[in-house]
Structures are given as structure tokens and as C-alpha cells.
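Visitor: I have a structure here, written as C-alpha cells, and I will follow up with some questions on it.
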Amino acid sequence: MNKNIAIIRGDGIGPEITEQALKVLDRIASKYGHTFVYTDVDMGGCAIDKWGEPLPPEMLDKCLTADSVLLGAVGGPKWNDVPAAMRPEKGLLKLRSGMGVYSNNRPAKIWPQLAGASPLKKSIVDKGIDFIIVRELIGGIYFGEHKTEGAEGSAVATDILKYSEEEIERIGRIGFETARKRKKRLCSVEKSNVLDSSRLWKKVMHRLAGEYGDIELSDMLVDNCAMQIVKDPSQFDVIVTENMFGDILSDEASMITGSIGMIPSSSLGATSRGLYEPIHGSAPDIAGTDTANPIGTILSAAMMLRYSFDLPKEADAVENAVGAFLDAGYRTADIMSEGMKRVGCSECGRLILEYID
Ligand code: NAD
């Protein structure tokens, strides 16, 4: 198989963690007889420095002509004071909407080897944590109108939260289809006791439920969901929710699994071309120290193999190699515990290659 992958190394730890994922992809390519060609794309702070904007149109074009996109992370304190429309994260929003990837899927799964790293009580962790959050990614309040009016001291800021039935239906279908491949339980999360957009969300989800008779649909208010995720995460299989609620809940869900550095994500739209990235940011506090955990990025590459390239055997090989790395007692700093062997970012990548072999 020949694939062209757009690579966005980005800022902070982005280049270090992406490098490890590329080593893994190269090893998979040579072991299974594929050719992966990489196209470098500047996005984020590094693009602001080089091109004067976070995602120049020609860089977006490179992503739109690739078979998929792998991203490290963008942003950092150096660009905190640039105008809002020029911030590194704007590049990411532009990329997501340009690619039309409206569904962000984040697994919240605890690796048994890291059960001790969860901040939850053992009795809760022992019941199992294995669910997916399907988050709407290119609608809602992040993409509505934003404005601040009035003089300083009496200014009024407005952010519009808007969803159409069509937007809700297409993400709802991803939720139902995802549940169909798992334990067939879908929890729709909203705030229908307060928000009109949530009442519409709930109505559309229940209409869709008529087409998915094999899926058990439940509703939950977002504040209750935030509480249930720490009280009894074993109750969830698939959660489907809108953009901002999903942003917040998926960070909460990642934390209960131990480390933000371990979690991959995929963002997909109507085609097989996806955007794959770890869920964490550019971690400027540890950039350049070779201590970042590259596993979230490596597992994102595995998701790309599975979901965009339909290569389940190759994806399994990467995921099993990560499991073998943990089984052997190796840990990066963020998941380190007593008696384990601490390794840096590049050594972690090298060892995972050995386990692929
Ligand atoms: P962050 O995720 O970068 O870091 C939070 C904490 O987790 C830090 O202590 C960091 O050292 C640690 N951490 C994160 N990833 C790690 C890894 N792989 N291995 C070990 N430790 C890791 O969040 P933040 O500090 O709030 O944001 C830093 C910058 O990243 C900001 O500019 C923010 O806007 C940006 N950001 C980018 C993305 C993205 O590119 N998708 C996502 C979130 C935040």
C-alpha cells in the first residue's frame, strides 16, 4: 500500500513525539511491505514565525491532498500575546474545519499495567474503564460568532452556540455506529434543562434511535456526566456530545486513565482521510528535555493505520508493542512508578520498535 501522510510536527514537544511515531510507521512499512511518504506541513507557532500565520493556505492544501494527517501539538507561551485570530490554535481549528472532520473520537481506556497511575480509588478502577467519547468537532460555540463590545470596564463579550439538525444528525450517526461496534450502549450528553441547542440535540438523537433498534440510548446532563465519569466510569460504553462539552469531558476522561500522554485521538468526516493526534498539548514545560511520552502520538498513528488505511493487523502490531513495552516495566517520566525502569522520549520510541520486531 502506498500512502502520502501530511506530518505536522508543530511546537513544544510536538517535533520530539512525532519523530517517534514516524520511526514506528517506517518500521511498520518495511515489515509489512508498505510505502509511506511524508509531506511536512508547518502549522501553529512555528508557522507564525516562518509565514506570519498559523496555517497558510498552501499548508492546508498539503493536508487536503494527503491520505491522512498526523499532528504532534501546537502552541506555547511565545505566541500568547499574538492577536486572537492569529493564535497557533486557530491553525488547528482551520485545519479541522478545512478537512471537514466533524467527529473526534477519543478512547478512555485504562492499560492494566498503569492501573496504579489512575487518581481514582482502586475499587472504582477495578470495575474497568473502557469507553469512547465521540465529540462534535466543527460546530457549536467554538465556531459561532465571537465578539466583545463596549469600552474597557463596561465591555460585553458574546459567543454564539448554534447547531443545526443536520450537524447533530451526522455526529449522532457516528455515535450509534461506534456503539454498534462495541457494547451497543450510547449515552447522549447535553444540557437540555437549559439550552435550546441541547433540546434539539436530544430530539434528533431520539429520532435516530428509531433507526438503531439494537442500540440502547440514554440521556445525561453534562454536569451529571462530569460527576459520573469519576464516580463510576464503568457504566459508559460510548458517549456522544457537542463540541465544548466533549472538549471538557474528554480531558477529564483522559486523566482518570493515568496520563494525558498515553491517549490518542482520531478525527474523521465523510471520507477516510482523518486527522490523528495525541490529546495533549505542546507541553512547553518539558519541551526539549527528551522526557515527553510519545505513546499518545504512536497510538494515534496506529489509529490512522486502522481507521483510514484499513490495516488492522499493522495497527494491532503497534498497540501490542506498546503493551509489551509497558509489560517489560519501561515507563516515561509521566507514568513512572516505583520499581519501574525510566526511559526518555527517544528511548521509548526505540524500544517500541524492538517490540514491533
Ligand atoms: P498540555 O497538554 O500541553 O500540558 C499539560 C501538562 O501535561 C503539562 O504538565 C505537560 O508537561 C504534561 N504533558 C502533556 N503532554 C505530555 C506528554 N506527552 N508527556 C508527558 N507529559 C505531558 O496543556 P497546556 O499546558 O494547557 O497547554 C500547552 C500549550 O499547548 C498551549 O499553548 C495550548 O494552547 C496548547 N494545546 C495544544 C493542543 C493541540 O495541539 N492539539 C491541545 C491542547 C493544548
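The values are calculated or read from the model by the stated rules, or taken from the named source; none is laboratory data. Worth saying up front: this structure is predicted, and the values here are computed from it rather than measured. Cβ coordinates were reconstructed from backbone atoms using ideal geometry, including for glycine residues, and neighbour counts include every protein chain displayed. Ligands, DNA and RNA are stripped out before the accessible areas are found, and what is left, the full protein with its side chains, is counted by its heavy atoms. Shrake-Rupley method; radii C 1.70, N 1.55, O 1.52, S 1.80 Å.
Visitor: Right, Gly45: within 16 Å of the ligand (Cβ to nearest atom), assigned by TED's automatic domain parsing to the domain that holds Glu277 and closer than 25 Å to Gly100 by Cα or not?
Guide: Yes, satisfied.
Visitor: Follow-up. When only residues in segment 211-229 that are out of contact with any Ser or Thr (no Cβ under 9 Å at 6 or more places or on another chain) and open to solvent by less than 60 Å² (accessible area, probe 1.4 Å) count, which is nearest to Asn193 (Cα to Cα)?
Guide: Asn224
Visitor: Scan segment 310-350 for residues that are outside any helix (DSSP H, G or I) and open to solvent by 30 Å² or more (accessible area, probe 1.4 Å) and report the count.
Guide: 10
Visitor: Same structure, new question: Restricting attention to segment 135-153, does a residue exist that is surrounded by 15 or more Cβ atoms within 10 Å (Cβ to Cβ) and assigned to a strand (DSSP E or B)?
Guide: yes
Visitor: Is one or more of the residues making up segment 276-285 at pLDDT 95 or above and hydrophobic (A, V, I, L, M, F, W, C)?
Guide: Looking for residues that are at pLDDT 95 or above and hydrophobic (A, V, I, L, M, F, W, C), one finds at least one in segment 276-285, hence yes.
Visitor: Checking the condition open to solvent by 10 Å² or more (accessible area, probe 1.4 Å) and either at pLDDT 95 or above or in contact with a Ser or Thr (Cβ under 7 Å, 6 or more places away or on another chain) (or both), which residue from Ser267, Ser300, Ser234 passes?
Guide: Just one listed residue meets the conditions, Ser234.
Visitor: Of all residues in segment 237-277 being of a type in the set (Asp, Glu) and closer than 19 Å to Glu167 by Cβ, which is farthest from the ligand (Cβ to nearest atom)?
Guide: Among those residues, the one meeting the criterion is Glu242.
Visitor: Considering every residue within segment 56-76, establish whether at least one is over 26 Å from Ala270 (Cα atoms), surrounded by fewer than 20 Cβ atoms within 10 Å (Cβ to Cβ) and either without any contact (Cβ under 8 Å) to a residue 12 or more places away in the chain or away from the ligand (no atom under 13 Å from the Cβ) (or both).
Guide: Taking segment 56-76 first, the residues over 26 Å from Ala270 (Cα atoms) are 75-76.
Among the residues that remain, those that are also surrounded by fewer than 20 Cβ atoms within 10 Å (Cβ to Cβ) are: none.
No: segment 56-76 contains no residue that is over 26 Å from Ala270 (Cα atoms), surrounded by fewer than 20 Cβ atoms within 10 Å (Cβ to Cβ) and either without any contact (Cβ under 8 Å) to a residue 12 or more places away in the chain or away from the ligand (no atom under 13 Å from the Cβ) (or both).
Visitor: Which condition does Gln113 not pass, out of (1) more than 16 Å from the ligand (Cβ to nearest atom); (2) within 30 Å of Ala324 (Cβ to Cβ); (3) surrounded by fewer than 16 Cβ atoms within 10 Å (Cβ to Cβ), if it passes all the others?
Guide: Every condition holds for Gln113 apart from (3).
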